[in-house]
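The values are calculated or read from the model by the stated rules, or taken from the named source; none is laboratory data. Predicted model only: the values in this text are computed from it and were never measured. Backbone-built Cβ (ideal geometry, glycine too); neighbour counts: all protein chains shown. Accessible surface is based on the protein model in full, side chains and every heavy atom, while ligands, DNA and RNA are left aside. Shrake-Rupley method; radii C 1.70, N 1.55, O 1.52, S 1.80 Å.
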Amino acid sequence: MAMSLAVVADIGGTKVLAAVVAADGTVLGQAILPTEAQKGPEVVIGRVIEGFRLALDKAGLGVEDVVGAGIACAGLVDVDKGVVVTSPNLLGWDRVPLRGRIEAALGLNTFLANDANAAALGEHRFGAGQGSSYLVFVTVSTGIGGGLVLGGRLYTGAWGTAGEVGHMTVEAGGPQCACGQQGCLEVLASGTAMAREARRRLEAGGTSRLLELSGGHPEAVTAELIGRAAREGDGLAREVAERAATYLGIGLGSLVNLLNPEVIVVGGGVSRMGEMLLAPARATMLSRAFPSAIQGVRLVQGSLGGMAGALGMASYVMEAVQHSR
Ligand SMILES: [Zn+2]
């Protein structure tokens, strides 16, 4: 029998990535389209459908060749009802019945998942967490998301909201988070948090290579520039990265005590800093977690980059279809 195939899309803030993926994680066709979320749900739904068609075309396949479709997106997704409840990337989306729309357009069995959950599954099935049974995935980019694979299966909780590692409190009374709380991991360790901290230090008179890299505009400092400056040995950038990494380590230490994972995979754009971020995070995590729980835990960078969500979503679809048979 031919290998199962799924067509999937990962809806990001700026682009929709669509792909046809085989059961072994091979990508047979791929398409990238602008999300243009500001144009509203109808335009984005159209982009997803167009992305599916383009990816299938590139693979030389039709809808009849895949077992189903999957869509990963940020935010709160009602997996059972196939509804995107709210999404930080998709302003104005309020309980959009995305599954029904895709099924009506393409006649394919369709599944939805949160993007970080999908990426967790991707890294577990095909990436840096392959072969493990208990994995924590943390994605660090403009925000911080996460996903849990426990006993080899994606764990989403009683009603699908589990895995929000970015909103664990790591500093009581800390800075205000976008979620309304204070001192969340996200507001202290995300790329946005690093940029904010660097800006604060520069505006307070700090000297740094970041001033040059940002053309003299502290407000133009990004996590990417901080990574670059830190690699070049810049003291201020290193301190900022280390501060964020320390908070990350505090959060991870709690997760280790709570979940006893074998491997923690860090993905997202900021994870490209590699050991610059992971080494201090690891040191803090080691100093905080129970020796019995931390023993042998691997903290590693994701290996699938921007493809983690799409690959995980493909795995999700193939496994869901198999279960329903
Ligand atoms: Zn929060």
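If the viscosity is 1.567 mPa s and the temperature 4 °C, what Stokes-Einstein diffusion coefficient in µm²/s follows for the stretch 105-193 when Rh is the Kirkwood radius over Cα pairs? Provide the component values of the computation, followed by the final result.
On the way: Rh = 14.1 Å.
The estimated diffusion coefficient comes to 92 µm²/s.
Tell me, what is the percent relative contact order of the stretch 130-302, built from C-alpha pairs under 8 Å that lie six or more residues apart? Don't skip to the end; give the middle numbers.
Values: 319 pairs, mean separation 39.1, N = 173.
Result for the stretch 130-302 is 23 percent.
Would you mind working out the accessible area per residue for the stretch 165-315, using a 1.4 Å probe, and quoting it in Å²?
Values: 6630 Å² over 151 residues.
About 44 Å² of surface per residue is accessible.
Quote the relative contact order of the chain in percent (integer), defining contacts as alpha-carbon pairs under 8 Å separated by 6+ residues.
Working: 736 pairs, mean separation 60.7, N = 325.
Worked out over the chain, it gives 19 percent.
How many angstrom lie between the Cα centre of the stretch 242-311 and the Cα centre of the stretch 44-112?
Centre-to-centre (Cα) distance: 31 Å.
Report, in debye and to the nearest 20, how large the dipole of the chain comes out about its Cα centre when Lys and Arg carry +1 and Asp and Glu carry -1 on their Cβ. If you can, show how the numbers build up before the last one.
Details: 25 positive and 29 negative charges, 53 e Å.
I would put it at about 260 debye.
How many percent of the accessible area of the chain is carbon or sulfur, using a 1.4 Å probe?
Within the chain, the accessible surface is 51 percent carbon and sulfur.
Taking R0 as 45 Å, what FRET efficiency do you get between residue 288 and residue 32 from their Cβ-Cβ distance, rounded to the nearest 0.05?
Working from the Cβ atoms, E equals 0.65.
In a solvent-free Debye calculation with one equal scatterer on each Cα, what is log10 I(q)/I(0) for the chain at q = 0.06, 0.10 Å⁻¹, listed in the order of the q values?
Cα-only, vacuum Debye calculation for the chain: -0.21, -0.58.
Taking the Kirkwood radius as the inverse of the mean 1/r across Cα pairs, report the Rg/Rh of the stretch 130-302.
Looking at the stretch 130-302, the ratio lands at 0.99.
Tell me the angle of helix 235-259 to the major Cα principal axis of the chain, expressed in degrees between 0 and 90 and rounded to the nearest ten.
So the inclination is approximately 60 degrees.
When the chain is fully extended, how far beyond the present Cα-Cα distance does residue 78 get from residue 211, taking 0.36 nm per residue of separation?
Fully extending the segment from residue 78 to residue 211 adds 43.5 nm.
Lysines near residue 58 by alpha-carbon distance under 24 Å, same-chain residues fewer than 8 away left out - which ones?
Candidates past the 8-residue exclusion: 15.
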